[in-house]
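Engineer: Sharing a structure here in structure tokens format.
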Amino acid sequence: MDEHLNQIADQTGVPADLLERAARARATAQGVAVEALVADWAGGEAPAPTPVAAPPVEPVVEAPAPAPVAAPPVEPVVEAPAPAASEPAGGKQLPEALLRRSAEARAKREGRSVEEVMAEMTGGGEPAAPAAAASAPAAESGGGKQLPEALLRRSAAAKAKREGRPLDEVLVEMGLSPDGATSEAPAAKPAGAPAPVADTTASDSGEPQPDAAAVADAGPEPEPIFAGFPRWLAASFIIIPLFALLYAGFAPNGPDCGTSGKLAINPISGEAESCGGAGSVYFSIGQGIFNGQCSACHSADGSGGVGPALAGGSVLQTFSACPDQIQWVTLGSNNWPDATYGDTNKPVLGTGVAMPGYGGNLSAEQIASVVLYERVSFGGADPITEEAACGLGAAAGG
Amino acid sequence: MTADVSHDNQAVAESPAASSQSVARYHLWASLIFLMLGVGMLAVASIQYVVPTTLSGSGWLSYGRLRPAAIHFLLYGWLTLGLIGAMYYAVPRLTGERLTDPIIARIGFGFMAFGYAIGGIGILAGSSEGIRYLEAPPLADMIVLIGMAAMAHSIVRTISKRNDRERSPAEWFIVASVIWLVGLHFIGNLNMLAVLATIVYSQPPTLHGINTVVLAGFYQAGIIGLWGATAGAGIVYFLAPRLVGLTSFKPTRLSVVGFWGLGIAWVLTGSAQLTYTAVPDWLETIGVMFSMVLLLPVATIVVDVMGFLRGRQDDVDPKNRYSLKMLYIGLAVFAALPVLNLASALRATGGIVGFTDWVYGYELLAILGAFSAWLFAYVFHVAPPMVSADAVRVQRWHGWLTVLGLALAGFAMLVGGLVAGFTWAGGDSAGVVAAAEGFESTADAMWNFGFAIVRMTGLMIFAIAQALLFSYAATAWFVTEDRKNVLAVDPDLDVGGQEVNPELAVDPDAMPSWLRVGIIALAAGIGAFVLFVVLPSFDSASATPTILADQSRIYPDGSDAAIGRDIYIREGCMYCHTQSVRPIVTDVGLGPVSEAGDYAHESPVQLGVARMGPDLTHLAARGGSFVDHLQNPRVDRPWSTMPSYDYLSQADLDALLAYVNGLK
């Protein structure tokens, strides 16, 4: 049998394994031995039906062959091993039974009479024009093709439906002329609406089309990078990554500086700094003094101890204005004129321990620096505005 | 395409499409049940946000447990199981091959459904692990992992058959998403191994400090992008041709670019929700860059599918019209997702929308908007009971209610978040009152209440829509005679499968495309893992504790504060409270900016998702007593929507108080 298969394969250009599969299916359907069938194809008598049926290779596809419902998927199987129809183009005569079966399926699908289809396939009649014409069976032998054009068109229709491509494109690929103005319905459904026309016609706005990909399949030319892309999308693929790189390079990666009220803490060092990147010298001075003088009672992180907590913003709640806090640190509890201090009116000796006054130990600038450190570090205030508010820096008088 | 045809036609019964019938059916039903559970719980949670005393008696229905459990059921039970069911439906039809090992597939389903169910119950019971989308207890995670492995085996092996033909984009997306799902689950739940490791070692190895947040961000971006979006796109590429009566979608350059872009870009946006927090600055920048880049593959996929469908509108079978509409809705919301994500990531806008309801709005539109719409398209396409005479009426109601509910809820969350963000940023120019009073003035505001009402209304309408769907499906189930063949097998489209087309033959000696996809998918995942998990671990700032960490944020085993922190985790406090002071105007007055080292002694770090309540980083340092607030929040803050924790035992309350009082 392999010999016969190879012979047919050579003649028709269809791979032998496909032929074998189709033959097995056909044999099962007809109830004949597969070897006999293949022999017949290769040039012998039509075999008599025997009860012996070769096991189908592809039960999925072959089994429904006799069922009328599954006409479309059967198509490709029908096409492959049908070398030449009765076209006198130098091919092999197809057995009558096969031809008839094929004609019946096609007639049912297209809603035509079997005789009409048979006539077309065997002689070259005028193409009928049913409402859902799947293909125009032009009877010319199409310039020396091995397969008659009718079958090629049918194959093209099935292929287009299977792959979801417009029929015209597939026809062009196979070297046939696309049918005229008709929008071919690749589906054989009776509800066949006009097939997608927009795909091949509405191309001016650069909509994504499978055409470009199909061109790549058919030809050796390299595909352009943005094949099938709308222009705006292709442009975005250049603009947006560029923008992303610019962002990484130049956008401020640190905290948001600008108008007052915004914090400027260096995310890497954790230290407050002005937006120009320079550290605040007063902040550092104040930090040193705080660690030396104040952390004993207020803790290094400002969480308090003997003295009240400064952290969590409470220092800003107690002293909304920097000068008030400076005055408190300068004078201390014992020199404080009132019984309460601060915006929240805290009692002066509320914790039982007196707050020392540093007016005698530290200069005004030093006290202001400590207060600045406390307000920025523990209160989260903006060092730029606080510097000015505390009377430090170039803006202040000193 | 009714059950009768599939019953009569023997070919259909033996087709590859029939081989996955039962497992696809199981997934469909399980996902619908989880959908009902999830949206019901989410609707109740949204009511609780407006009327905080709703169902607040026991811990099981407390907002902090109910909401994450609802999202768990929706993200995993509904979306994940639903997408997998759609894959089981799609893969035999795409490949023309019977499903590999359907029994293993069914076992996989059992493990996954059971694992997700007990995971959600675990969250309600108070066993949350404290990481968003990874709250399920380790036992549940292990069970799910076994199920996922079985599922991945079935699906990947089926797709890998028959290398002699070109593949539809749907197949790439499906293979990659399944591989990524398993990888994500494994990496995100590494503490499963830690549980096993405790058997061997006394101290299980875990990530510490800010790196737990980085890992969580990587996982969260991955589960949305590498799983939800990728698997969803696969189903879209499968459905689109079928809705217009075609069998396949021929690969286009657009689909190739969309596929790779999706896989590479989305997972690298993991730090998008972490703008200005204590994570490394370079990581934030990468998150922004890739959030921008993500716009491209999403647009590409939308353009590709829309272009395919646009010219074929007239080919749509009337019974598929609803599915097509749902597909379009999903695509539209999908196109908006990267824009919403970018708003969170960009520093300029992230400072405004960060820690607001915007974050939850993005989550809603991703899970219940885009991906669910695609899943609805699948559900209405495959289930014959939906296409009977009543179907049109059900579809109309379901469609309108779903869209209306999503629109209301999404609007409330996104716009509400924007308004809140701008209000907080406005603040007092001296920044002094931004902390407590500034926040409270917005919490008390009528517009805040208004947005909550709109959100609640939207989620309830959405829940009603899904109840309609579920009840219709359930009723139809009882009426259908042939229940085993409930999922449609289309004799035209399904029986033939993909023919071997000689013209599309590829070299059989070349590496199979599914393997190529798998390897590159793995490489992309590893790359993201290295970038997001390994490299930040080497950042010494995250490992070196600051003074604050050593003095305040340290939790020795067995101490009251440690027990209290565990209670904080399992009650889901992080969904409404943050512990992260950012260097922006909004946070001025909240105290010192949070640094990586502050969290060095904590695992997992409760950075917080959004601020429905104020930031707690330096709460105790601002003074005040919180005993009353925990037991009845409205005693000292009448505007509060915080649930009452009266149901905690006195010992638990004391421990929680000890933890809160330590937040200096």
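Engineer: Which of the residues belonging to the range A:310-321 are in contact with a Lys or Arg (Cβ under 7 Å, 6 or more places away or on another chain) and under 14 Å from A:Thr344 (Cα atoms)?
Structural biologist: Of everything in the range A:310-321, those that are in contact with a Lys or Arg (Cβ under 7 Å, 6 or more places away or on another chain) and under 14 Å from A:Thr344 (Cα atoms) turn out to be A:Gly313, A:Ser314, A:Val315, A:Leu316, A:Thr318.
Engineer: Please go through the range B:267-289 and give me each residue that is farther than 18 Å from B:Pro592 by Cα and among the aliphatic types (A, V, I, L, M), ordered by number.
Structural biologist: Hits for the range B:267-289 are B:Val267, B:Leu268, B:Ala272, B:Leu283, B:Ile286, B:Val288, B:Met289.
Engineer: Follow-up. Collect the residues in the range B:557-577 that are farther than 21 Å from B:Gln650 by Cα and assigned to a loop (DSSP other than H, G, I, E, B), keeping them in residue-number order.
Structural biologist: Within the range B:557-577, B:Cys576, B:His577 meet the criteria.
Engineer: If we keep just the residues of the range B:125-164 that are of a type in the set (Asp, Glu) and buried (at least 18 other Cβ atoms within 10 Å of the Cβ), which is modelled with the lowest pLDDT?
Structural biologist: Applying the filter and picking the extreme gives B:Glu129.
Engineer: Look through B:Tyr322, B:Tyr276 and report the one residue that is in contact with a helix residue (DSSP H, G or I) (Cβ under 7 Å, 6 or more places away or on another chain), facing another protein chain (nearest Cβ under 9 Å) and of a type in the set (Phe, Trp, Tyr).
Structural biologist: The unique qualifying residue is B:Tyr276.
Engineer: In the range B:511-527, is there at least one residue being within 14 Å of another protein chain (Cβ to nearest Cβ) and modelled with pLDDT under 75?
Structural biologist: no
Engineer: Related question: Among the residues of the range A:306-319, is there at least one that is exposed (fewer than 15 other Cβ atoms within 10 Å of the Cβ) and over 57 Å from the mean Cα position of the chain (by Cα)?
Structural biologist: Scanning the range A:306-319, I find at least one residue that is exposed (fewer than 15 other Cβ atoms within 10 Å of the Cβ) and over 57 Å from the mean Cα position of the chain (by Cα), so the answer is yes.
Engineer: B:Thr80: closer than 27 Å to B:Ala240 by Cα, among the polar types (S, T, N, Q) and part of a helix (DSSP H, G or I), yes or no?
Structural biologist: Yes, satisfied.
The values are calculated or read from the model by the stated rules, or taken from the named source; none is laboratory data. Because the structure is predicted, anything quoted here is derived from the model rather than measured. As a convention, Cβ positions derive from the backbone with ideal geometry for all residues, glycine included, and neighbour counts pool all protein chains shown.
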